[in-house]
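> Sending over a structure as structure tokens; questions will come in a sec.
What follows is calculated from the coordinates using simple rules that are stated; it is not laboratory data. Please read all numbers here as calculations on a predicted model, not as lab measurements. Positions of Cβ are generated from backbone atoms using ideal geometry, with glycine treated the same way; all protein chains shown enter the neighbour counts.
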Amino acid sequence: MSGSYRDYQSTSYNAATAEGSGSSADSSNDFSKISQTIANNVQKISNNVNQMQRMVNQIGTKADNDNLRSQLHQTQHYTNQLAKDTNKNLKELSHFPVSGVTSEQKQRRMQKERLTNDFAEALKNFQVIQRTAAQKEKESVIRARANSGYDAAAKNQSNLIDLQSPQAIQPLPPPPQQQQQAQTQLMMEEEVDMNMLREREYAIRKIESDIVEVNQIFKDLATMVHDQGEVIDSIEANIESTGIQIHEGTQQLIKASDYAQKARRKKFLIFFILFVILAIIITIIYVSS
């Protein structure tokens, strides 16, 4: 389990430097690093879910023991922490500066949508196994308490029957020292059983607390997806608006070009008429002289 924890730690990434990056190349590099971290974390969550499933299946069987429960609780806790860190990384990914290149915008948007969907799917599977583990541990504790009460009642009933039996009257009772040792041993065993039950109940409460945290992550994901949709709509609206403005500008240029051509033709026609009139006047003056 410690190996899984080391793996988890190695995938943690802090993108605080990304916000201070003024270079587009640095921004793209940081975006890629966080995206890769998220992808690695999602894969580890899925692997841990598979491990938890195998361990949960062993609860209540002959393979069930304290070591199994401890490994299950550690895996569940580390995976829950991994999910919280992945959620944080996704939020950092949402706050990355948007590049001015449209193709890069689309690529980042598609990559973030894919990572969000993959994380949501892994998180859903993790929550299912969390609930299953908590339920099976609850049932195990209930059975342990019931068995403990039944065993005590059975011992008392057996003692009463022995006391009522004529054969039970004949044997001499054990010495007081042996009776005290037996009672002390019984009390120690009962105390051990109670401590074990308390530990298991505490572990159940911890799992239930982690389930609540996973529910909060789902809410954060829903908010991010909603905000992401609004941003996408805004980007598309800006692109459409820019396209309309470009089209309108092109139409204005065409109209201006047509107007300039008409103005040039009009000026040429006026100059031609003036030239003809001037030529006629010169001809008349020449003939008259």
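> For region 268-282, what does the Karplus curve 6.51 cos²θ - 1.76 cosθ + 1.60, with θ = phi - 60°, yield as ³J(HN,Hα) per residue in whole Hz, taken in order and with x for Gly and Pro?
4, 5, 5, 4, 5, 5, 4, 5, 5, 4, 4, 5, 5, 4, 4
> Mind sorting LEU82, LEU115 by how few other Cβ atoms lie within 10 Å of their own Cβ, fewest first?
Neighbour counts put them in this order, fewest first: LEU115, LEU82.
> Further question on the same structure: Compute the distance in nm between two label points, each set 7 Å from the Cα along the Cα-to-Cβ direction, one at GLU139 and one at ILE281.
11.5
> Additional query: Describe numerically, in nm with one decimal, the distance between label points set 7 Å from Cα along Cα→Cβ at GLU213 and at MET194.
Taking the two extended label points, one gets 3.1 nm.
> With each label point set 7 Å from Cα along the Cα-Cβ vector, what nm distance links GLU201 and SER103?
With each label placed 7 Å out from Cα toward Cβ, I get 6.4 nm.
> Once you've got the Cα coordinates, tell me which of LYS33/LYS106; LYS33/LYS124; LYS88/LYS112; LYS88/LYS136 are over 23 Å apart.
LYS33/LYS124; LYS88/LYS136
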